Amino acid sequence: MKKFKYLSLIAAAVLATSCSDILDEQPRTFFEPGFFQTQAGVEGGITALYSSLRNFYGQAYYYNSNTTGTDEATWGQQADGNFKDADLSGVGSLNSSSSRSDVLWGGAFTYINTASGIIENAEAAGLPASLIAEAKFFRAYYYFQLVQTFGGVPLDLGSGKLKFNSTPVRVSKRNTVPEVYQAIHQDLTEAIENLPDNPRLTGGVTKTVARLVLAKSYLTFGWWLENPNNIDTYPACSRTDLDGHDKNWYFQQSLDLCKYAIANPAGYGLCETFRDVNLASNDRNKEILLWADHTEKSEQYNGGSLSYGGGGAPDNFAGWMLNWNHGTISLDGVAAVAREASQNVGRPWTRMAPTHEAIQVFVESDITKDSRFDGTFTTAYYGTWNKNGSDKASLTGADGTQIPLYGKVLEFVPTVVAGIDYSVKGAGVGAGKVAGHSEYVIDLNGINRIAYPALWKLGCDRTDYNRLTEVGSPNAGSTRPYDILKFSDFYLTAAEAAFKLNNNTEARNQLLVLRKRAGVWTYRNNDRVNLESVPYVADFSADLEAATPAVIDLDYILDERMREFYGEGFRWFDLARTQTWESRAGSYTISVTLGEGGAVENAAWGDHTPKTFTRTIEKYMYLRPIPQGQINGMEMSKEEKAAYQNPGYAVE
C-alpha cells in the first residue's frame with residue numbers, strides 16, 4: 001500500500017472562504033455544490049481532510065491547551081503567556097482571548113464544511129460509499145473534539161443542519177450537547193457500515209478507526225449524562241439522551257465496541273513492547289490507527305520546511321515544548337551535548353515541564369520493571385561535543401575521572417539514590433554528584449522548570465545525516481507523523497466503561513493486557529553505547545500483573561492512561577470527561593529556588609527544593625471559552641454575543 005501524499009494546493013483551495021486558486025487556478029469566493037460533484041473535487045476534499053490533521057496535531061499551542069494545567073505538566077522556564085495562562089496557577093489568565101483552544105474552533109468548522117460538501121455531492125460524482133464514509137468519519141471526529149471542548153456547537157453553518165455551506169454567514173446558533181452527540185453517533189455508525197476493514201491507502205480510515213472514536217464518544221456521553229459533580233452544560237438543556245438511552249446503555253455500547261475491535265483487529269494490534277510504539281524508526285506501526293503525516297523527503301508533502309521550523313502549523317513542533325535546554329550541559333568549559341535531529345535529544349524550547357506528580361505516577365509502577373517510563377522520557381544524556389566543534393577525546397566527569405566521547409555526562413536518577421551532593425552545582429545546570437557515578441545527576445524529586453527528563457516519545461528523528469558526527473536539521477519541525485489514535489486505547493476505554501458498569505473483573509483484565517506488555521523489555525532506551533540503545537531482554541509481566549490492584553478505581557485507570565499516553569496532547573479530555581480535573585490537577589509540585597521568607601524566585605539552574613502550587617480550576621472551566629475572534633466576527637447584538645459565550649467567560 002502506498003502512503004498518503006497530501007496535495008497542499010488542493011487542500012488550501014477547498015478549505016478557503018476567500019479568493020483562492022482551485023485546481024484550474026480560477027479564483028473563487030465560494031464553493032458551489034457542483035464542485036464536489038466532480039471526481040477531482042471529491043478526491044481533493046478527501047485529501048484536504050487528511051491533510052487538515054496537521055493543523056491541530058503537532059501544533060504546539062493547541063497541544064499546550066490540552067496538556068499544561070493538567071496533572072501532566074506545568075509551565076517551563078521559557079514559557080510565555082500561552083503556557084502560563086493555561087496553567088491556572090496565578091501567573092496568567094485563561095479567557096476568550098488567551099485560550100489556545102481557539103486553534104480547534106478556528107479550523108474544525110472549515111473541515112466539517114468540506115466533509116459536508118463531500119457527503120452531499122459525492123454520489124453524483126459516481127464515487128463509492130466508502131469515500132463518503134471517510135468524510136462522515138472526519139465530520140464526526142471534529143464535532144467530537146468540539147463538543148468535548150466547548151459544549152454545544154453549531155450543526156448549522158448557514159445552510160441548514162449538517163448542510164454544506166457555500167457562502168459566508170455572520171450569525172450563528174449553538175446546538176445543545178445531546179443534539180451534537182446524536183449527529184456524531186449517526187455519522188460514525190454509518191461510517192462503520194461503509195468503511196473498509198483494511199485501509200485503501202496506508203493511514204486511511206477504516207471500520208476499526210471509526211469504532212474507537214465511537215467507543216470514546218459513547219463513553220464520554222455516558223459520563224455527560226451522569227454528571228457526577230454537577231457541572232453545568234451549555235447551551236442549557238436537560239441531561240437526557242434524544243434517543244432515549246441512559247448512561248449505562250452508552251457505557252455498555254462503548255465496552256462492546258472495544259471488545260469487538262480487540263477480537264477483530266483487521267490488521268491492527270499491539271506492538272510487542274511499549275518502546276516499539278513510539279520508536280521513530282518504527283513509525284506508522286500496527287498500533288497506530290490515525291496520524292497526521294509528515295515526511296523528510298519532500299517539503300510539499302511534509303507541509304513545512306525541512307531545514308527550519310518557526311513554530312507554526314502545519315509544522316509538527318509539539319515535541320519541542322517538553323524539551324529542556326540540554327545544550328547548556330558543559331564539562332571543562334565545553335558544550336558537551338549538541339542539539340540534533342535525534343529522538344533522544346532534539347530541539348529544546350522549555351515551554352512546559354512535567355510535574356513531580358506525573359513522574360510519581362510512573363515511579364509508583366516501578367520504573368525498573370515497567371518499561372513505560374524508559375519508553376516515554378529521555379533521562380540520560382551522552383557527550384557529543386565533537387558535533388559542537390571540539391576535538392577532545394574526553395572531558396572531566398563529576399568524580400574527576402574522564403568521560404569519553406559518547407559517554408554519559410548527565411542522568412536523571414530515581415529519588416532513592418542517596419548521597420547526592422548538589423553543592424557542586426555541576427555541568428552548568430546545577431546538577432549534583434554521587435559516589436560511584438562519573439556523570440552528573442539530578443534526582444527525580446529535584447526536577448524543576450528548567451531541567452527535567454525530556455519527552456522522548458515525540459522527539460524528532462531524521463535519517464538523512466551521520467549520527468556520530470553530524471547534527472542533521474534539529475531546527476526544523478519534526479518530520480515524524482503525529483500519532484492521534486492508538487489501538488491500545490481500546491483496552492483503556494474498555495476498562496473505563498467496565499468500571500462505570502461496576503464490572504471490576506472486566507476492567508482489571510483489560511488493564512492487565514497493557515500492564516503485562518509494559519513489563520516486556522528488549523532495550524533500555526536510556527542506556528546507550530555509541531549513541532545506540534543497549535539490548536536488554538527481560539520480562540516482568542508477571543510482576544506487573546501481581547502489582548495490579550485487585551479492585552480497580554478511577555484514579556488507577558487515569559494513572560494507566562497517563563503511563564500509556566503521557567505527553568501526547570489529550571490529557572485534558574480525560575480529566576474533563578471524568579470530571580476529575582480539579583481533584584487531580586488542582587495542585588502540583590515542582591522544585592524551585594526559595595528566597596527570603598520562603599518566597600518563590602524565578603526558575604533557575606540548581607532548583608531542587610520541591611514546592612506545591614495551587615491552581616484555580618472552577619466548574620465553568622470544564623468548558624473552554626468560545627474564542628473572542630468568533631464573537632467579534634458575528635453581526636449580532638451585544639446581548640446575543642454574551643449569550644453565545646460559555647458562562648463564566650466575559651465577552652470583551
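Coordinate-derived values only; no laboratory data. Here the structure is a predicted model, which is why all the values come from computation and not from measurement. Here Cβ is always computed from backbone atoms with ideal geometry, including for glycine, and neighbour counts include all displayed protein chains.
Among DSSP beta bridges whose residues both lie in the chain, state the antiparallel percentage, nearest 5. If you can, show how the numbers build up before the last one.
Values: 38 of 45 bridges.
Around 85 percent antiparallel, to the nearest 5.
Which of the lysines could be linked to K163 by a straight reach, that is with a Cα gap under 19 Å, when you skip same-chain ones fewer than 8 residues away?
Reachable lysines: K136, K173.
For the chain, what does the helix formula give at 222 nm: sum of -39500 (n - 2.57) over DSSP H segments with n ≥ 4, over the residue count, nearest 500 deg cm²/dmol?
Numbers: 20 runs with 221 residues, N = 652.
Value at 222 nm, helices only: -10500 deg cm²/dmol.
How big is the chain in terms of Cα radius of gyration and Dmax, in angstroms?
Considering the chain through its Cα atoms, Rg and Dmax are 24.8, 76 Å.
Please list, in chain and number order, the residues 5+ apart from L410 or on another chain whose amide H is under 5 Å from its amide H, with Hs placed from the backbone.
Y381, Y440
Arrange the following residues from fewest to most other Cβ atoms within 10 Å of their Cβ: W605, W320.
Details: W605 17, W320 27.
Lowest count first: W605, W320.
Given L331, A313, G389, which one lies farthest toward the positive end of the charge dipole of the stretch 280-391, if we put +1 on the Cβ of every Lys and Arg and -1 on the Cβ of every Asp and Glu?
The listed residue farthest towards the positive side: A313.
Given the options G419, Y452, G436, identify the residue whose Cα lies farthest towards the positive end of the charge dipole of the chain (+1 on Cβ of Lys, Arg; -1 on Cβ of Asp, Glu).
Result: Y452, furthest along the dipole toward the positive end.
Rounded to the nearest 20 Debye, what is the dipole magnitude of the stretch 160-291 about its Cα centre when Lys and Arg each give +1 and Asp and Glu each give -1 at the C-beta?
Working: 15 positive and 15 negative charges, 95 e Å.
Computed charge dipole of the stretch 160-291: roughly 460 debye.
Taking N as the number of residues in the stretch 531-597, what value does Rg over Cα atoms divided by 2.2 N^0.38 Å take? All intermediate terms of the calculation are to be shown ahead of the outcome.
Working: Rg = 17.5 Å, N = 67, 2.2 N^0.38 = 10.9 Å.
The value comes to 1.61.
Please rank M621, M352, M321, fewest neighbouring Cβ atoms within 10 Å first, as an exposure proxy.
Numbers: M621 21, M352 32, M321 29.
If I rank by nearby Cβ atoms, fewest first, I get M621, M321, M352.
Cross-link list K369/K433; K433/K611; K247/K500; K207/K286; K433/K457; K207/K516: which exceed 18 angstrom alpha carbon to alpha carbon? Numbers along the way, then the final one.
Working: K369/K433 25 Å; K433/K611 23 Å; K247/K500 9 Å; K207/K286 15 Å; K433/K457 28 Å; K207/K516 27 Å.
Result: K369/K433; K433/K611; K433/K457; K207/K516 exceed 18 Å.
If we count every other residue with Cβ under 10 angstrom of S93's Cβ, Lys/Arg +1 and Asp/Glu -1, where does the sum land? Don't skip to the answer; put the middle values down first.
On the way: positive: K84; negative: D85.
So the surrounding residues net to 0.
Can you give the local net charge around G319? Use residues other than it whose beta-carbon is closer than 9 angstrom to its beta-carbon, Lys and Arg +1, Asp and Glu -1. Write out the running numbers ahead of the final one.
Details: positive: R347, K457, R480; negative: none.
Combined, the nearby Lys, Arg, Asp and Glu give +3.
Give me the extension gain from R284 to Y260: residue separation times 0.36 nm, minus the current Cα-Cα distance, reported in nm with one decimal. List each step's numbers first, then the result.
Details: separation 24, 0.36 × 24 = 8.64 nm, distance 2.27 nm.
6.4 nm is the gain from fully extending R284 to Y260.
Under a Cβ-only charge scheme (Lys and Arg +1, Asp and Glu -1), can you give me the dipole magnitude of the chain about the Cα centre, in debye to the nearest 20? Working shown, then result.
Numbers: 59 positive and 75 negative charges, 90 e Å.
Roughly 440 debye for the chain.
When we measure straight from the Cα of K216, which aspartates and glutamates land under 15 angstrom away, once same-chain ones fewer than 8 places off are left out?
Excluding near neighbours in sequence, the set is D187, D256, D489, E496, D574.
Give the peptides 502-510, 69-77 in descending order of average Cβ contacts within 10 Å, highest first.
Working: 502-510: 17.9, 69-77: 27.1.
Top of the packing list down: 69-77, 502-510.
Net charge within 13 Å of Y111 by Cβ-Cβ distance, Lys/Arg positive one each and Asp/Glu negative one each, not counting Y111 itself?
Numbers: positive: R54, K136, R139; negative: E134.
Around Y111, the charge tally is +2.
Could you pull out every one of the lysines with an alpha carbon less than 16 Å from that of K392, ignoring same-chain neighbours closer than 8 positions?
Within the straight-line limit of under 16 Å, K392 reaches these lysines: K408.
Regarding the stretch 390-444, what whole-number volume in Å³ per residue does the convex hull of its Cα atoms give? Show your work: numbers first, answer last.
On the way: hull volume 4.2 nm³, N = 55.
Expressed per residue, the convex hull around the Cα atoms of the stretch 390-444 is 77 Å³.
Which of the helices in the chain, when you take each full DSSP H run, stretch at least 18 Å along the axis at their Cα atoms and have an average Kyte-Doolittle score of -0.5 or higher? If you can, show how the numbers build up before the last one.
Values: long enough: 39-52 (19 Å, 0.31); 102-121 (30 Å, 0.42); 129-150 (31 Å, 0.47); 177-194 (26 Å, -0.36); 207-226 (28 Å, 0.42); 247-263 (24 Å, -0.30); 488-500 (19 Å, 0.22); 504-518 (21 Å, -0.86).
Counting only whole DSSP H runs, the qualifying helices are 39-52, 102-121, 129-150, 177-194, 207-226, 247-263, 488-500.
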